[in-house]
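Reviewing the structure listed below.
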Amino acid sequence: MDDPSTISDVHSNAPIGASDHLCVMFNLELAVDDDNSFVNIVNNVKSFQDDNQNLSFYNTNHIDWVKVNEFLLGVDWNAMFSYNNCIDFCWESFYSAIVYSVSLFAPAKNKSTNHRRLPRHGAGKKHNSLPKHIRRLCSKKAKFWRRYKARPSLLREATYKKYSDLYVRELKKHITSIENELINSKHCRSFYNYANKKFKSKVSIPLLLDSYNNIVVDDLQKANIFCSHFSSVFVQDNGTIPHEDNEQLNCKTSVNIESIYFSSINVFDKIKKMKSSSAPGFDGISANLLKKLSNILSIPLSILFNLSISSGKVPKAWKRAIVVPVYKKGESKIPTNYRPISLTSIVSKLMEGIIKDSIIRHCNVNNLLSDDQFAFLPRRSANLQLMQYHDLIATNCSKGFQTDSVYLDFKAAFDSVVHSKLLYKLKLFGVHGSMLNWIRYFSD
């Protein structure tokens, strides 16, 4: 910093505000060692598929987001992506930059759980939310248990059982009072939120029965059973498309949507609307991470999305998913009573959401959707459909008319959609060009 040649174009400028001091403006040129530049560090790290290059290995709950933002602020994203226009290379570079910055300011998760001290019963948020007298009983119960384990005796055992029974009795009384308050308040949303938490299973996959009614205990065998079942529900394409010869007659609109431009503002707004509770995919990027870094990451994500839509391709990493079997109803040991949920990349969902909004906007502007379509549309919820249906029945009853209703339920509806026919339907709705190619590549 003692080299005068690094400073140039020195001149004065007007004072700032009410100050009587002039501003001194100058250019400062600093040499950067290319061997240690951040771009080269990112490009030389291992692939994101490496176990050491995954965000799930870092505890983002204890991270200095301000420092991460400041670090990523100095990354030249345009230079990084211009080095190679391959969408997989750009994604790996972007992901490596995120992982590298997080690794600098976040502690690694403790993989060893053998010697970890388990929390006391009732500890944490649930314990703190209990009344003071119940918390005291819980502490006394734990204290007398420790005394009994240290020096067992009949007196200490009786004392522990006394406070244990008292704690359980007061806890049940407190829970009963809370449930009665929920029922008497007649607040449906609070009631169902409470009920869903009680019904939600927090245990791992139980014992399963295979096709020969043999009990399966091994986790790998369970995964293979679910894989076989989930793949069996997909409908095989018969290779025929109805009325394909009359495509021009079947076309719903003459207005086409061929591409979309992803601006950093649109990406930023979409990130802010994401649910922080959304589960991350295989790459470990969470919605909370994107929200904390939205001011910085909205720019490289917009560049990445525009490159993806123009090339009609998506990174291979976006096609990797964590498939979680979710219990529906019936016997929990039968694999057919589970449905799959695929946890894909949050970044992929972000781009999908923007494309979906663009297609829905195209359909609404050109009146391509039926007025009877409800759900999966803004301001067209299933509750609104029920209200209209109830109004129709009430009107017919007042006029003495008969109302006949037919209810249909498609088994595994989403899994039964044939991709080739869906693409043909989108084409009839005016989706063409790179957008259609992108959807085709993503669904393959």
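The values are calculated or read from the model by the stated rules, or taken from the named source; none is laboratory data. Owing to the predicted nature of the structure, the values given are computational and were not obtained by experimental measurement. Glycine also receives a Cβ, built like all others from the backbone with ideal geometry; neighbour counts cover every protein chain displayed. Keep in mind that these areas ignore ligands, DNA and RNA; they rest on the heavy atoms of the full protein, side chains included. Shrake-Rupley method; radii C 1.70, N 1.55, O 1.52, S 1.80 Å.
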Flag if Ile393 is open to solvent by less than 80 Å² (accessible area, probe 1.4 Å) and under 23 Å from the mean Cα position of the chain (by Cα):
no
Suppose the filter is open to solvent by 40 Å² or more (accessible area, probe 1.4 Å), within 26 Å of Lys316 (Cα to Cα) and in contact with a Leu (Cβ under 8 Å, 6 or more places away or on another chain); does Lys421 pass it?
no
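Yes/no matrix, rows are residues, columns are (1) in contact with a helix residue (DSSP H, G or I) (Cβ under 6 Å, 6 or more places away or on another chain); (2) more than 22 Å from Asp444 (Cα to Cα):
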| site | (1), (2) |
| --- | --- |
| Phe234 | yes, no |
| Cys251 | yes, yes |
| Asn256 | no, yes |
| Phe262 | yes, yes |
| Lys319 | no, no |
| Pro325 | yes, yes |
| Ser332 | no, yes |
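Yes/no per residue for (1) aromatic (Phe, Trp, Tyr); (2) surrounded by 18 or more Cβ atoms within 10 Å (Cβ to Cβ); (3) within 22 Å of Asp269 (Cα to Cα):
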| position | (1), (2), (3) |
| --- | --- |
| Asn288 | no, yes, yes |
| Ser294 | no, yes, yes |
| Leu297 | no, yes, yes |
| Ile303 | no, yes, yes |
| Trp318 | yes, yes, yes |
| Ala321 | no, no, no |
| Pro325 | no, yes, no |
Do we find that Ser443 is of a type outside the set (Lys, Arg), touching an Asp or Glu at 6+ places or on another chain (Cβ under 8 Å) and under 29 Å from Asn238 (Cα atoms) in this structure?
no
Among (1) more than 20 Å from the chain's Cα centre (by Cα); (2) more than 24 Å from Ser416 (Cα to Cα); (3) surrounded by 19 or more Cβ atoms within 10 Å (Cβ to Cβ), the one test that Ser311 misses:
(3)
Could you tell me how many of the residues in segment 190-214 are at pLDDT below 80, in contact with a helix residue (DSSP H, G or I) (Cβ under 9 Å, 6 or more places away or on another chain) and over 28 Å from Ser228 (Cβ atoms)?
0
Odd one out for Ser185 among (1) open to solvent by 70 Å² or more (accessible area, probe 1.4 Å); (2) farther than 19 Å from Lys132 by Cβ
(1)
Residue pairs qualifying under the 9 Å Cβ cut-off, at least six apart or on distinct chains, with the first in segment 71-86 being over 18 Å from Ser310 (Cβ atoms) and the second being of a type outside the set (A, V, I, L, M) and open to solvent by less than 20 Å² (accessible area, probe 1.4 Å), are Phe71/Ser101; Leu72/Ser101; Leu72/Pro300; Val75/Ser101; Val75/Pro300
In segment 57-70, how many residues are free of Cβ contacts under 8 Å to residues at least 12 places away in the same chain and over 20 Å from the mean Cα position of the chain (by Cα)?
2
In segment 250-283, which residue that is open to solvent by 20 Å² or more (accessible area, probe 1.4 Å) and among the small types (Gly, Ala, Ser) is farthest from the chain's Cα centre (by Cα)?
Ser254
State all residues of segment 358-390 that are assigned to a loop (DSSP other than H, G, I, E, B), among the polar types (S, T, N, Q) and surrounded by 11 or more Cβ atoms within 10 Å (Cβ to Cβ); if no residue qualifies, say none.
Asn366, Gln373, Ser381
Here are Ser190, Ser164, Ser153: which of them is over 27 Å from Lys333 (Cα atoms), under 33 Å from the mean Cα position of the chain (by Cα) and among the hydroxyl-bearing types (Ser, Thr, Tyr)?
Ser190
Note down all Cβ pairs under 9 Å where the first residue falls in segment 409-425 and is modelled with pLDDT under 80, the second is not in a loop (DSSP other than H, G, I, E, B), and they're at least six residues apart or on different chains.
Ala412/Arg339; Asp415/Phe230; Asp415/Arg339; Asp415/Pro340
